[in-house]
1. Return the residues of the range 87-101 that are under 19 Å from D133 (Cα atoms) and either assigned to a loop (DSSP other than H, G, I, E, B) or touching a residue at least 40 places away in the same chain (Cβ under 8 Å) (or both); say none if nothing qualifies.
2. If I go through the range 15-41 residue by residue, how many of them are under 16 Å from D54 (Cα atoms) and either in contact with a strand residue (DSSP E or B) (Cβ under 7 Å, 6 or more places away or on another chain) or surrounded by 17 or more Cβ atoms within 10 Å (Cβ to Cβ) (or both)?
3. If a residue has to be part of a loop (DSSP other than H, G, I, E, B), of a type outside the set (G, A, S) and at pLDDT below 85 to count, how many in the range 1-54 make the cut?
4. Output the residues belonging to the range 133-177 that are modelled with pLDDT of 85 or more, within 18 Å of P110 (Cβ to Cβ) and of a type in the set (G, A, S).
5. Which residue out of G180, G214, G223, G210 is at pLDDT below 85 and either of a type outside the set (V, I, T) or over 15 Å from L135 (Cα atoms) (or both)?
6. Tell me yes or no: at least one residue of the range 107-119 is surrounded by fewer than 21 Cβ atoms within 10 Å (Cβ to Cβ), at positive phi, at pLDDT 80 or above and among the charged types (D, E, K, R).
Amino acid sequence: MEKETIIVVDGKSGVLKMLRRNLPREVCTVKGVFGCEKALLEAIHNPPDLILVDLTPPGQDGLNVCRELKSNPKTGHIPIVIVAAKGRDSDVVAGKRLGADGCLTRPLSPRVLQAVVEGALRKRDQPADIEGDILTINGLMINPLDHNVILKGKALRLTTIEFAVLYLLARKPGQVITRGEITRSVKGRDLHDTDRSLDVQISQLRRKLGEAAGMIETVRGAGYRFKG
């Protein structure tokens, strides 16, 4: 079986060591490169299966890597996962706008890092009509490919509706999503605004999130907002 190749941009960050420690050597080859120019040259001449860009400590160079790789026709198809510092939601938003296929925030969990990397590699092989990125925010990982949700290493059992609502909110951290937008987004899953079923779903979702329930904030008279 041919090995998967992963490039870690800014390999001195500790992410490189974590990946090498948690991914089987017989399955993956992990390389570290430094800086935008070297990352672009490496990706063009030796195209990897995945590129992980560390934005920690915060710096424009990491975002430049995403921009250059996604805008270059020779590398634009390669999946990118970004790692941002805790509290740097602006970096996560900027990375996704530049085309990042997955996002992680520190502190990193080896288990979540491995799951996100493996999910991004699987996504590369999925048909083009499958949409959605793996999200990781403050210990919460949401994987739309298999509907898995992991909170601080523990898997949560969510219904189809609960997952759809959580994923919709988490994809737009800090943004108010109206009740109408939510019900329209998950239409066809027996969610109706008229009978207050959305309130019930939010309540059940918060209960399952436990101590992380505060991530879902009620904005009175408007809708709901995800706080990362």
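The values are calculated or read from the model by the stated rules, or taken from the named source; none is laboratory data. Since the structure is predicted, the reported quantities are computational estimates derived from the model, not experimental observations. Positions of Cβ are backbone-derived with ideal geometry, glycine not excepted, and every protein chain shown enters the neighbour counts.
1. Filtering the range 87-101 down to residues under 19 Å from D133 (Cα atoms) leaves 88-101.
Within the range 87-101, R88, D89, V92, V93, G95, L98, G99, A100, D101 qualify.
2. The initial filter retains those residues of the range 15-41 that are under 16 Å from D54 (Cα atoms), namely 15-20, 30-40.
From what's left, either in contact with a strand residue (DSSP E or B) (Cβ under 7 Å, 6 or more places away or on another chain) or surrounded by 17 or more Cβ atoms within 10 Å (Cβ to Cβ) (or both): 15-16, 18-20, 30-33, 36, 39-40.
Residues that pass the stated criteria total 12.
3. As a first pass, look at the range 1-54 and keep what is part of a loop (DSSP other than H, G, I, E, B): 1-3, 10, 14, 23-27, 34-35, 46-49.
Checking which are of a type outside the set (G, A, S) leaves us with 1-3, 10, 23-27, 34, 46-49.
Checking the rest, the ones that are also at pLDDT below 85 come to 1-3, 10, 23-27, 34.
So the count comes out to 10.
4. Scanning the range 133-177 gives a single hit, A155.
5. On the way: G214 fails: at pLDDT below 85; G223 fails: at pLDDT below 85; G210 fails: at pLDDT below 85.
The match here is G180.
6. Scanning the range 107-119, I find no residue that is surrounded by fewer than 21 Cβ atoms within 10 Å (Cβ to Cβ), at positive phi, at pLDDT 80 or above and among the charged types (D, E, K, R), so the answer is no.
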